[in-house]
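Worksheet: the structure to be examined is printed underneath.
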Amino acid sequence: MSDSMLYNILHRSVNAMKNIPDTIRAARMRAGMTQQELGEKMGYEGASAPVAVRQWESGRRPVPLEKIRALAAALNLTFDDLIP
(Lines give C-alpha, C1' and ligand atoms only; values in the text may rest on other atoms or scores of the structure.)
Protein backbone atom coordinates (compact mmCIF):
# COMPACT_ATOMS: atom_id res chain seq x y z
CA MET A 1 0.00 0.00 0.00
CA SER A 2 1.37 3.39 -0.94
CA ASP A 3 1.94 6.17 1.57
CA SER A 4 -0.74 8.32 -0.05
CA MET A 5 -3.32 5.53 0.18
CA LEU A 6 -2.46 4.96 3.83
CA TYR A 7 -2.67 8.69 4.51
CA ASN A 8 -6.13 8.88 2.88
CA ILE A 9 -7.43 5.94 4.90
CA LEU A 10 -6.11 7.39 8.16
CA HIS A 11 -7.42 10.86 7.32
CA ARG A 12 -10.93 9.50 6.65
CA SER A 13 -10.84 7.49 9.89
CA VAL A 14 -9.79 10.47 11.98
CA ASN A 15 -12.47 12.67 10.43
CA ALA A 16 -15.13 10.01 10.98
CA MET A 17 -14.16 9.71 14.65
CA LYS A 18 -14.44 13.48 15.04
CA ASN A 19 -17.99 13.38 13.67
CA ILE A 20 -19.31 10.72 16.06
CA PRO A 21 -20.12 13.17 18.90
CA ASP A 22 -22.06 15.39 16.49
CA THR A 23 -23.89 12.36 15.08
CA ILE A 24 -24.92 11.26 18.57
CA ARG A 25 -26.14 14.74 19.53
CA ALA A 26 -28.07 15.31 16.30
CA ALA A 27 -29.73 11.87 16.41
CA ARG A 28 -30.68 12.30 20.07
CA MET A 29 -32.26 15.66 19.36
CA ARG A 30 -34.11 14.30 16.29
CA ALA A 31 -35.48 11.54 18.52
CA GLY A 32 -36.67 14.17 21.01
CA MET A 33 -34.66 12.65 23.85
CA THR A 34 -32.85 14.40 26.64
CA GLN A 35 -29.36 13.33 27.65
CA GLN A 36 -30.95 11.83 30.78
CA GLU A 37 -33.40 9.75 28.73
CA LEU A 38 -30.74 8.45 26.35
CA GLY A 39 -28.43 7.63 29.23
CA GLU A 40 -31.18 5.67 30.95
CA LYS A 41 -31.93 3.78 27.71
CA MET A 42 -28.26 2.87 27.68
CA GLY A 43 -28.46 1.41 31.20
CA TYR A 44 -27.09 4.30 33.23
CA GLU A 45 -28.97 5.42 36.31
CA GLY A 46 -29.52 8.68 38.13
CA ALA A 47 -26.99 11.46 37.71
CA SER A 48 -24.59 9.22 35.76
CA ALA A 49 -27.06 8.93 32.82
CA PRO A 50 -26.72 12.46 31.43
CA VAL A 51 -23.03 12.65 32.36
CA ALA A 52 -22.20 9.65 30.16
CA VAL A 53 -24.11 11.07 27.19
CA ARG A 54 -22.63 14.55 27.71
CA GLN A 55 -19.13 13.06 27.61
CA TRP A 56 -19.88 11.17 24.39
CA GLU A 57 -21.39 14.25 22.75
CA SER A 58 -18.47 16.44 23.75
CA GLY A 59 -15.92 13.90 22.53
CA ARG A 60 -14.29 13.72 25.97
CA ARG A 61 -14.98 9.99 26.24
CA PRO A 62 -15.69 7.40 23.59
CA VAL A 63 -18.81 5.28 23.72
CA PRO A 64 -17.84 1.98 25.39
CA LEU A 65 -17.46 -0.72 22.74
CA GLU A 66 -20.06 -2.93 24.39
CA LYS A 67 -22.65 -0.12 24.11
CA ILE A 68 -22.15 1.03 20.51
CA ARG A 69 -24.77 -1.25 18.92
CA ALA A 70 -27.29 -0.47 21.68
CA LEU A 71 -26.64 3.26 21.21
CA ALA A 72 -27.24 3.01 17.47
CA ALA A 73 -30.50 1.12 18.11
CA ALA A 74 -31.64 3.63 20.76
CA LEU A 75 -31.09 6.45 18.27
CA ASN A 76 -32.70 4.58 15.35
CA LEU A 77 -29.38 4.51 13.51
CA THR A 78 -27.50 1.71 11.86
CA PHE A 79 -24.04 0.85 13.08
CA ASP A 80 -22.65 2.35 9.86
CA ASP A 81 -24.55 5.61 10.48
CA LEU A 82 -22.93 5.91 13.88
CA ILE A 83 -19.45 4.67 12.94
CA PRO A 84 -18.91 5.66 9.29
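The values are calculated or read from the model by the stated rules, or taken from the named source; none is laboratory data. None of these values were measured; they are calculated from a predicted model. For the accessible areas, the whole protein counts, side chains as well, though only heavy atoms, and no ligand, DNA or RNA atoms are used. Shrake-Rupley method; radii C 1.70, N 1.55, O 1.52, S 1.80 Å.
In order along the range 21-38, the Karplus-derived 3J(HN,Hα) couplings, from 6.51 cos²θ - 1.76 cosθ + 1.60 at θ = phi - 60°, round to x, 5, 5, 4, 4, 5, 5, 4, 5, 4, 7, x, 9, 7, 4, 4, 4, 5 Hz, and Gly and Pro are given as x.
Per residue, the range 22-76 exposes 60 Å² of solvent-accessible protein surface, assessed with a 1.4 angstrom probe and all protein chains in place.
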